[in-house]
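Just so it is clear, none of the values below were taken in a lab; they were calculated from the coordinates. Please read all numbers here as calculations on a predicted model, not as lab measurements. For neighbour counting, all protein chains shown are included, and Cβ atoms are generated from backbone atoms with ideal geometry for every residue, glycine included.
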Amino acid sequence: MDQLKNLARFFKRPWGVAVLLGIILILIILFSSGNKSGAQLPIRVSYQTINQNITVTGKATPLEKVDLAFERGGTVNEILANVGDRVAEGAPLVRLDTREARAQLDEALARVANHEAILRELERGTRPEELAVQEATVARAETSLKDAQQTAFNEVSNAYTTADDAVHNKADRFFSNPRSNNPQVVLTLNNPQAKTDLETKRASLEQLFSSWQMEIASLDSASDVVATLDSAKVQVAAIASFLDQAATAINGAIGGSNVSQTTLDSWRADVASARSAITISLNTLSSTEEKLRSAETTLTIEKNRLLLALAGSAPEKIEAEAARVLEARSQANLIRAQLAKMTLVAPFSGIVTVQEAKKGQIISPNIPVVSLISPKTLKIEAFVPEISVGKIALQNLVRVVFEALPEESFDGTVIAVDPAEKIIDGVVNFKVTIALRNIPAEDSRLKSGLTANLSIITASKVNVLGIPRYAIHERDKEFFVNLLQRAALVEVPVSIGLRGTDGVWEVVSGLKDGDQILISSEKVTKP
């Protein structure tokens, strides 16, 4: 404290003020001469995040948008929603005049009632010729059932082959020792539990394949076909569950030093192909079971009709009249379906953006009259030049800034890259679609048609050493920096990794955290 008081008294004196001004002048001269010689403040090497970005401009559009048209023409009778109206899923929008169709429905229902009355009144005995016809029908139904049973056995075998290919030839590509009791996922996953669950499920599949193969080998004419189909569907469903879990894991993985992006993309394609094949197989098994049960039901019905004919309980052509009843009912149902198509309904909850129908207007088929958009979610469509589109991949993160809201940024994700090009001003471009994330439904500021400035992150590294590009100089295709060591500059070589779009480059080797480098035109010492 006494020293500070003495210093204050010193500078209060006239010659003390002169000394202070002299010191300031010397510092100014030194600083100016330092700048002229090229000296700069030291740059500290530190860990940071480095990104490579592609910057483009796009337009916001609804994530869901649909143009609605009538399948059949007619006269507009009711307008039930106007432009700007919010409508719920299934809400009617426009209705045509249905009076003629309703009259046709009444006529069809009358025919149904007539044939049902005739069927109930039939009491005539069955002739030998009619018995022979019914016996032949039963024989055909028996043949159809046998064919359906054989088809079921074949489809079970095909399902096994498809499952074997999906797991052993496709999914196993990113496992080590996949057929052992301890398979290992070769990918690096963010969720260790997901990796453990996937490996456990893969280990259990070998026992599934073994027991399933034995079951197929033991099939014969005495086997319960429906039980065999149900068992196969259980096995295929278990494999589908495994593939779904594998798809989630591999889609969330990122290529790195142990697995290249090309290999990762190949594995993703294999898993997608396997899932598609398993889905088709499961649908085929279900369809086969339905046909088998239908064949069994048909045989039962035809046998009962034969018994009725033999017992004399069907004096007239009951089955023919029953068919007429079914035909009349089908015609009535067809008219009901046509009536339903005479009203446009909202396929999802949204906002009406176009309403071109007018009451009394004659509407032609397949001409859009109503447009609907989703009010909650937006997507952004942008066109990227061919020189940059190869760097973009699905799920790339995107920073979005709308020109209408320049002070605020939003997060997005790349959800689609069109495979076909589009020529814009003579330049080949490709359309990229970005979905906005975490946008509140009540945020009414975001509207379709807004211009958005996009920064698509195509590559990113976190917690790596980085320095400004201008601190690096190149000579003979090698990179060097001026390292400050014991008050001297030493030129040291460095290895460069990711080159950030913002001018910060990754240093793989040659420097460490905390090193200080300088930008200087002075001659430096070479190690």
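Overview of values
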read-out: Spin-label pair residue 188/residue 485, simplified geometry with 7 Å Cα→Cβ offset, distance in nm; value: 3.1 nm
read-out: Chain lengthening between residue 100 and residue 248 when straightened (0.36 nm per residue, less Cα-Cα); value: 48.0 nm
read-out: Cα-Cα over 32 Å, subset of 379/477; 65/422; 59/359; value: 379/477; 59/359
read-out: Cβ-Cβ FRET estimate between residue 395 and residue 304, R0 fixed at 56 Å, reported to 0.05; value: 0.40
read-out: Alpha-carbon spread of segment 383-426, three principal axes, descending order, Å; value: 33, 26, 14
read-out: For residue 467, residues with placed amide H under 5 Å, excluding near neighbours; value: 505, 507
read-out: Positive-pole candidate from 420, 309, 345, dipole of segment 307-433, charges at beta carbon; value: 309
read-out: Förster radius 41 Å - calculated FRET efficiency between residue 150 and residue 177, Cβ distance, rounded to 0.05; value: 0.60
read-out: Additional length obtainable on full extension of the chain from residue 67 to residue 224, 0.36 nm per residue less Cα span; value: 51.5 nm
read-out: Semi-axis lengths (Å, descending) of the ellipsoid that matches the C-alpha gyration tensor of the chain; value: 76, 37, 18
